[in-house]
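These notes are about the structure you will find just below.
The values are calculated or read from the model by the stated rules, or taken from the named source; none is laboratory data. What you see is a predicted model; the values in this text were computed from it and never measured. For neighbour counting, all protein chains shown are included, and Cβ atoms are generated from backbone atoms with ideal geometry for every residue, glycine included.
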Amino acid sequence: MHAVLPNLTRTGNGYGTKETTTSVADKKFEYGTTGFRMSDVYLPCPVFRVAVYEALITLEAAANTSGSITSGIMITASHNVYTDNGAKAYGPGGIYYTDNQIQKVTEIVNMSDEDFDKYAAGELQALKKEYEARLIASNIGPSYVVVGYDTRKSSFDLANYAQAGIEFFDSELVSCIVLARPVTTPLHQVLLRSELDYAKDDPLTFLEKYCANLSQLLTNFSGNLRTIVDCANGVPSLWAKYFLGQHDDKFSFVNEDYEDFQKLNSNCGADFIKTTGKAPENCESTEDKERIASLDGDGDRLIYSVHYNGSFRVLDGDYQAVLFADFICKHYQHWAETVPAHERLSFGIATTRYANGAFDKALEKFGDVLKVMKGETGVANISALVKNMDIGIFFESNGHGSVFVSQKAFDYLKERSPILYNFLKFFEHPVGDGFANLLAVEYILQECKAGAEQWGEYFIPRASLLKKVAVNDLSQYKLDPLKPHLLERPEIVRHYSRVMMDENPSCRIYIRPSGTEPVLRVYVEGENEEQASEFMDRIEGMESDEEENTLTSIREKYPGYFERSDLVVPFTIENENDDVIDEDVHFPESISLHEYFETTCDERSGKSLFAHAMEIGRKSKLDSVPSDVNEVPNSISAGNDFRISKMSAEEIAEAKAEIYEKLSPESIQFLLSRHSKMKEEKKEEIKTEQKGKKVSAFRRGRLAEQGIKVEEKEEKLPQSVEEGVKNLEFFDPKEADNEEEGYRHSRLAVNAVQMDLALKSFALASSRPMNSWVELFEKLKKWECTSSDHPLVHRARASVSDIKSLYLEEYATNEDIVKYQFAKDVNPTTDGCWIFVPIRRIINVIEDRQRLPTPDDLDIVRLTLLFSVWFLKKQDTLFEMFAVPSDVAVHIAEVFILGPEVYADEQVSEMLHLWVDDYLIPKGMNQKLSFPRKKPIAKLSEFQSFYIDLIDRYKEHGGGHKDFFRMIMVFASMNSIPLDSLLTLEQLFNPGTAVVRQVDVSMLDMDPFIKYTEKNRQNQHFFKDNEEYLGCFEEYIKLLKFYTGIIVNEDITKERNPGVFLFAFNELTMFVDFWQSSKDKVESKTIDNFVLQLQQRIPAIGERK
């Protein structure tokens, strides 16, 4: 390997001259969603090391695939200021780095120079030799790392430093291509996704042809007004002529001065238009209705704007998304009516929570044709939601987005709808290209003979404000991991936000802690600007409201404490309430505060900084209380503990002598006897006050220290019950005594309806320290399995160490004793389904990183389910006490969300089958499951969207797994909410969804659902006039028609789909029997005709005797 140039080390980091050197020896780098992005002075060393690692993973991918591959690095900071820059690396074909790759590249970039030299000579060299040997044996040619860059001043130098990193790696099987001129980020992505032979093909010539091909799709361009293209004084200036040159009579260009680096994104470009609502520089006085198309500095964002009737309208990413959706829907619906249901295309749209509420409303007009989804900020997040659809639009409000189009869609539309086919060709490479989106917009406006003013009529955006709100401590603000649009803490902000939105239907609030600065990013909407401003003011005031509700605050008093600790104590205590703090008020023991405070000790006091500040505050409070002769303690040597603890023996003796000197013995005796009498009177007063009241154990202890005994008239549980509860060993009802008392308490312990003992048990359990729950793992470890125990229980016992690591974290006490505590997202005292938290973690990571489950993920799921089975089989009473069956069902179903890589595993399948058969179906049969469609469940925002996602996953890859479908049937048929059950069944058996067509479960597998249905129709089939069944009968008839349709059209047959066929057939026969025999029904010719047609169309029903 070559030597590292001095300016590419952490200590010598710079651009090759002494004046441009900026040491980064002590700087910590983090790889974010945009790669490494920051001020360009810090980047030479990180870019060099990123390239070294990129060369390694390129060689590794080539060895694993036995072929040449293309990866890349893009040097850009997009819409940031001109002094910033960045480097983002991509794997083969332009894919994002995996979590492990991000972790490794971050580790390499943060290595000291000495550690990097050791890594390069050791691990890196060994891996290179291994991969090279495999490729040489296969006679594989070189792979390529393509380095692209924008027009920033530092970009070309950084691109060369990336090349230096590839050369440092020194492998003949990895070559570096630094492009001859700057490119947009989307064009760099196109190169990585195209199969070019870099030994023969010129990448820039290829890109020029690519641009020309897109431009040719815009034919017969007509119209009187030109479109002004704002190039943001960045790299779009260089590529506009290739995209739009064929139509230069219809486009004019402004802000093309890319050579003046300081003009980049300055008063122009997509981000400027979106954030300010102002026209870009050089476009302030355009003609009325003349549209402006603004790109950003690297060409991946597009925002339109227009002067119209004296006002300036911004047409952002929301407008582009609805324009595309409307155009596709119009042509798609016309085509869809000509093909069978199972051949129709799936069509959806994904946007972020920053999308305007009026935009969301506009999407409702598309109905069921368009599936609408919400994701977190970032194109990577929302694109993942639609990537498996035939046509999937994904857009952020900032103008970044594109459209996924499957090959199936292209094949079907080519002949059936040439107009739609040509439009979708703009997105053959869905890389979020601002120019491609610009051409697509112009294509639609031309086809529809419309202008920007008509486009702007799709919706009128609600008044909104997006603002940064400074806060004292950003760490106190955390998003709910399961409801990312809501703050998990502080509770006051979460509560006020919900109240404001409940009181004002037009109000929308989205608060997100910044990842780069100590601010909250607050987005609010209202009916008008005045209301939006009012909402924003109230949100900003919540920070102070939070402080006003704090009894005692610790504030930093001197920010320079750690530099000059001799000057002043670091913190000061502030009491918001002038009253003396009641010493009886304490945090419950189960709340641990250690993680909130620094353990750094103050050299002067030997205490933590927080404890030191509290001590000073308490002393200050005591000093401020005037002395009162009536409060002299009855023993001088047992006076103020705090003061005397700081006094030497000589000082104490001196103080005693001074008191005896100034007061006569009679006076001292009088005061002492008076004080004793007052104490006795106080005792009697307390006894009277507390008589008949329940007193906490802590309070009784404090009173006992004062010689006051409080009578306790609390109902006592049997000793065996109390001991069992205290040790979290809830007794098994199957082993309960037949005696009246024992039976009564065992029944209460498992019957959720009887809340008395449940509440007592919870109070006893939650008030104990968390280690009471931690001991469960020790209990599992020591469990003596018997031959009667389920094999999975044996397996859980053998895996206890690995299971423990999923939930617990180690920490060291001040005495260096290693102890365990639950991870932050695991809380057994408040979350009845805490056992399943590791699975929820995996789902969140997979969605965030857009990756498939890994073998490590599979191991975690196995261990989690093993632990859950042990709980279910051996701690069933404890599980029943805290778990909500409906929430458990959702958590079990989430395993299927992870895909066949997980749920098809033999061990996982076995445990899923056990949960469905031994827990969920029995709970359903006993009416213990309820799934309200539009309400939160299991910490998800609503059940309906989860259920739809589950069905979509089943359609995609679940057809051969019987318990996957049975899980869906649990949700649909065993929902104890009648109307919601019917609606979910409709979604499952709708002939247009083609779900049940692929179901091959047996009649035996469907037997529990058939029996449940027979039992719960109760011979009246919702034909009953009461609130419980309001609206049910109409939906029930609709469902019966769905059953009829899929049987008559042979979407399901008795031979191919025996289980679901019997379920549907049985529902139909039950209803026919009811309608023909019931005497309570209201006469209805419509239903009579339906029954008659049903018997005719399905002869097996009519022929029954």
Residue hits (region 912-931; more than 30 Å from the chain's Cα centre (by Cα) and part of a loop (DSSP other than H, G, I, E, B)) are N926, Q927
Let me spell it out: the conditions are (1) over 25 Å from K408 (Cα atoms); (2) touching a strand residue (DSSP E or B) at 6+ places or on another chain (Cβ under 7 Å); (3) among the small types (G, A, S); (4) part of a helix (DSSP H, G or I), and A362 meets all of them except one. Which number is the exception? (2)
For the list (1) assigned by TED's automatic domain parsing to the domain that holds N1066; (2) crowded, with 22+ Cβ neighbours inside 10 Å, I need the number of the one condition that V895 fails. (1)
Of all residues in region 1036-1050 being at pLDDT 85 or above and either more than 13 Å from L1068 (Cβ to Cβ) or among the basic types (K, R) (or both), the one that is surrounded by the most Cβ atoms within 10 Å (Cβ to Cβ): K1041
Enumeration of residues in region 348-396 that are of a type in the set (V, I, T) and touching a residue at least 60 places away in the same chain (Cβ under 8 Å): T377, I391, I393
Taking region 898-911, which residues are in a helix (DSSP H, G or I) and surrounded by fewer than 18 Cβ atoms within 10 Å (Cβ to Cβ)? P900, E901, E906, Q907, S909, E910
I'm checking my understanding of the structure. Among residues of region 245-271 that are more than 40 Å from the chain's Cα centre (by Cα) and surrounded by 20 or more Cβ atoms within 10 Å (Cβ to Cβ), which one is farthest from S294 (Cα to Cα)? F251
Among the residues that make up region 233-256, is at least one of them of a type in the set (K, R) and either in a loop (DSSP other than H, G, I, E, B) or touching a residue at least 60 places away in the same chain (Cβ under 8 Å) (or both)? yes
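Residue-wise test of (1) more than 15 Å from I328 (Cβ to Cβ); (2) more than 30 Å from the chain's Cα centre (by Cα); (3) crowded, with 20+ Cβ neighbours inside 10 Å.
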position: P418; (1), (2), (3): no, yes, no
position: F426; (1), (2), (3): no, yes, yes
position: G434; (1), (2), (3): yes, no, yes
position: Y443; (1), (2), (3): no, yes, yes
position: C448; (1), (2), (3): no, yes, no
position: E453; (1), (2), (3): yes, yes, no
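For every residue, the table says whether it meets (1) in the same structural domain as S71 (by TED's automatic domain parsing); (2) farther than 28 Å from V441 by Cα; (3) assigned to a strand (DSSP E or B).
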site: Y131; (1), (2), (3): yes, yes, no
site: R134; (1), (2), (3): yes, yes, no
site: G148; (1), (2), (3): yes, no, yes
site: T151; (1), (2), (3): yes, no, no
site: D157; (1), (2), (3): yes, yes, no
site: A180; (1), (2), (3): yes, yes, no
site: P186; (1), (2), (3): yes, no, no
site: L196; (1), (2), (3): yes, yes, no
site: K200; (1), (2), (3): yes, yes, no
When region 262-287 is examined, which residues are found to be within 23 Å of G310 (Cβ to Cβ) and either assigned by TED's automatic domain parsing to the domain that holds T83 or of a type in the set (D, E) (or both)? E281, E284, E287
Based on this model, can you work out whether I95 counts as out of contact with any Phe, Trp or Tyr (no Cβ under 9 Å at 6 or more places or on another chain), of a type in the set (A, V, I, L, M) and under 22 Å from L187 (Cα atoms)? yes
So which residues in region 899-953 are among the polar types (S, T, N, Q), in contact (Cβ under 8 Å) with a residue 24 or more places away in the chain and closer than 25 Å to V793 by Cβ? Q907, S909
Whichever residue in region 71-105 is of a type in the set (V, I, T) and crowded, with 21+ Cβ neighbours inside 10 Å and, among such residues, is farthest from G269 (Cα to Cα): V105
Residue check, Y412 closer than 23 Å to Q246 by Cβ and over 35 Å from the mean Cα position of the chain (by Cα): no
Which of the following residues is closer than 17 Å to G299 by Cβ, modelled with pLDDT under 95 and surrounded by fewer than 19 Cβ atoms within 10 Å (Cβ to Cβ): A199, A212? A212
Across region 366-380, what is the number of residues that are assigned to a helix (DSSP H, G or I) and over 23 Å from A409 (Cα atoms)? 0
Kindly indicate whether F971 is more than 22 Å from E1050 (Cα to Cα), out of contact with any Lys or Arg (no Cβ under 9 Å at 6 or more places or on another chain) and crowded, with 22+ Cβ neighbours inside 10 Å. yes
Quick one: what pairs do we get from region 282-301, first residue over 26 Å from T76 (Cα atoms), second acidic (D, E) and at pLDDT below 85, C-beta under 8 Å, 6+ apart or different chains? K289/E453
What single numbered condition from (1) of a type in the set (V, I, T); (2) more than 29 Å from G148 (Cβ to Cβ); (3) within 24 Å of the chain's Cα centre (by Cα) fails to hold for T377? (2)
Could you tell me whether region 839-857 includes any residue that is of a type in the set (V, I, T) and over 26 Å from L385 (Cα atoms)? no
Within region 125-156, how many residues are surrounded by 20 or more Cβ atoms within 10 Å (Cβ to Cβ) and either free of Cβ contacts under 8 Å to residues at least 60 places away in the same chain or under 38 Å from the mean Cα position of the chain (by Cα) (or both)? 14
